[in-house]
Amino acid sequence: MLTGGIVSAWGLGKAVLSLCAARICRFVLAEVVREEVEENLLRRLSGVDAKGANKVLSDYARLIALTKPETISYPDEASVKAGRHLIRHAADVPVLLSAIASRPDWLLTNNTKHFKAAVPARSGLRIATPAEFFRAISHSMRPLS
């Protein structure tokens, strides 16, 4: 969700990040996620001209400055081993444990392949895609007149 929100011209990921930049929502960024996003950005930029690459990196730096994320450190190795039962994909254990540690209202991800229905039940987290998040919050809002 984060990488897409940074590189897309528009979309629900970018809308979520805009809410965070406006301080309507709190942005929590796990170190493990930050590293993954930065690796993904660099991989995407490998075939991009210097001007385009500089724009993406500048946008990313501006996003971090605007959102001032609360950062969550890597979970320790023992915790990762102990939490392995929470999610099938081993690489997502530190992400999930970081989210559990930060106790967010929502864990937003487009990774529906790994964060299936059993994961919220095991972790106690409310996990959703940006679209599911917006649908859920729209139900709590008053209708426009």
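List of remarks:
- Listed by first and then second residue, the pairs with beta-carbon distance under 7 Å, at least 6 apart or on different chains, first residue in region 70-88 and on the phi < 0 side of the Ramachandran plot and basic (Lys, Arg), second outside any helix (DSSP H, G or I) and surrounded by 12 or more Cβ atoms within 10 Å (Cβ to Cβ), are Arg88/His114.
- Unique residue being at pLDDT below 95, surrounded by 14 or more Cβ atoms within 10 Å (Cβ to Cβ), under 20 Å from Thr3 (Cβ atoms) and in contact with a strand residue (DSSP E or B) (Cβ under 9 Å, 6 or more places away or on another chain) when the list is Pro104, Pro94: Pro104
- Hits in region 100-119 (condition: more than 15 Å from Glu70 (Cβ to Cβ) and either touching a residue at least 12 places away in the same chain (Cβ under 8 Å) or in a loop (DSSP other than H, G, I, E, B) (or both)): Thr109, Asn110, Asn111, Thr112, Lys113, His114, Phe115, Lys116, Ala117, Val119
- Residue match in region 56-73 (condition: aromatic (Phe, Trp, Tyr) and over 18 Å from Val7 (Cβ atoms)): no
- In region 9-30, the residues that are basic (Lys, Arg) form Cβ pairs under 9 Å with partners that are assigned to a loop (DSSP other than H, G, I, E, B) and buried (at least 19 other Cβ atoms within 10 Å of the Cβ), at six or more places apart or across chains, as follows: Arg26/Pro104.
- Test: residue in region 3-26 that is surrounded by fewer than 18 Cβ atoms within 10 Å (Cβ to Cβ), over 24 Å from Asp105 (Cα atoms) and hydroxyl-bearing (Ser, Thr, Tyr): yes
The values are calculated or read from the model by the stated rules, or taken from the named source; none is laboratory data. Everything numeric here is computed off the predicted structure, so don't read it as measured data. All Cβ positions, glycine included, derive from the backbone under ideal geometry; neighbour counts span all protein chains shown.
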